């Protein structure tokens, strides 16, 4: 089990994705924390979903269950979507694509992590490093240093 600081809302969201059998990967800061076991300040949880009609239908149902609102599958199926769900206490970003790899490529190497009695799907450390190097924002550089330090442990 990881020491990553999940809020109740994030746990509920992940459980809802699992319940609806959505293919997803945790990416971004939470993935960095999972791989390094180091806490890191973040404003949101980033997830990446498989953008197929079947998976998007499952996601739409999961989002209706989680938020009470239905997001049309046509909206989620548009190219390069980022769906934001937020309140005063949390922000979740759901990505439908990444520029440098396909979901299927990342899915094959995913890490399955146990969190408070259930499992979550996390992008592999190798693929996370590729994404961080590609985007190369200040927070990505910080994450790369954490990921590099964790390789030396």
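Every number in this text was worked out from the coordinates using simple rules, so none of it is lab data. Computed from a predicted structure; not experimentally measured. Every residue, glycine as well, gets a Cβ built from its backbone with ideal geometry; the counts of neighbours run over all protein chains shown.
Relative protection proxy for 40-46, 113-119, from highest mean packing down: 40-46, 113-119 (other beta-carbon atoms within 10 angstrom). Helix 138-152 and the longest principal axis of the C-alpha atoms of the chain enclose an angle of approximately 60°. Relative to the longest principal axis of the Cα atoms of the chain, the long axis of helix 125-135 makes an angle of roughly 90 degrees.
Quick check: residue separation of residue 65 and residue 21 times 0.36 nm, minus the Cα distance between them. What number comes out in nm?
Working: separation 44, 0.36 × 44 = 15.84 nm, distance 1.31 nm.
Contour length minus Cα-Cα distance gives 14.5 nm.
At R0 = 22 Å, how high is the FRET efficiency between residue 100 and residue 54 if r is their beta carbon distance? Nearest 0.05 is fine. For R0 = 22 Å, the calculated efficiency reads 0.35. A protection proxy built from the mean count of other Cβ atoms within 10 Å ranks the segments 24-35, 67-78, 52-63, most packed first, as 24-35, 52-63, 67-78. Could you give me D for the chain, from Stokes-Einstein at 37 °C and 0.692 mPa s, where the hydrodynamic radius is the Kirkwood radius over C-alpha pairs? Units µm² s⁻¹, please. For the chosen part, D equals 209 µm²/s.
Within the range 8-146, antiparallel bridges make up roughly 75 percent of the DSSP beta bridges whose residues both belong there.
Inter-part distance, the range 124-150 to the range 70-122, computed on C-alpha centroids, equals 18 Å. A Förster radius of 25 Å combined with the Cβ-Cβ distance from residue 90 to residue 151 puts the calculated FRET efficiency at roughly 0.25.
Binning the C-alpha pair distances of the range 1-66 at 5 Å intervals from 0 yields a P(r) profile of 3, 17, 26, 24, 15, 11, 4, 0 %, listed from the shortest bin outward.
Give me the number: length gained by fully extending residue 135 to residue 109, i.e. 0.36 nm times residue separation minus the C-alpha to C-alpha distance, one decimal in nm.
Working: separation 26, 0.36 × 26 = 9.36 nm, distance 2.02 nm.
Stretched out fully, the residue 135 to residue 109 stretch lengthens by 7.3 nm.
As a calculated quantity, the FRET efficiency between residue 38 and residue 73 at R0 = 30 Å, using C-beta atoms, amounts to about 0.20.
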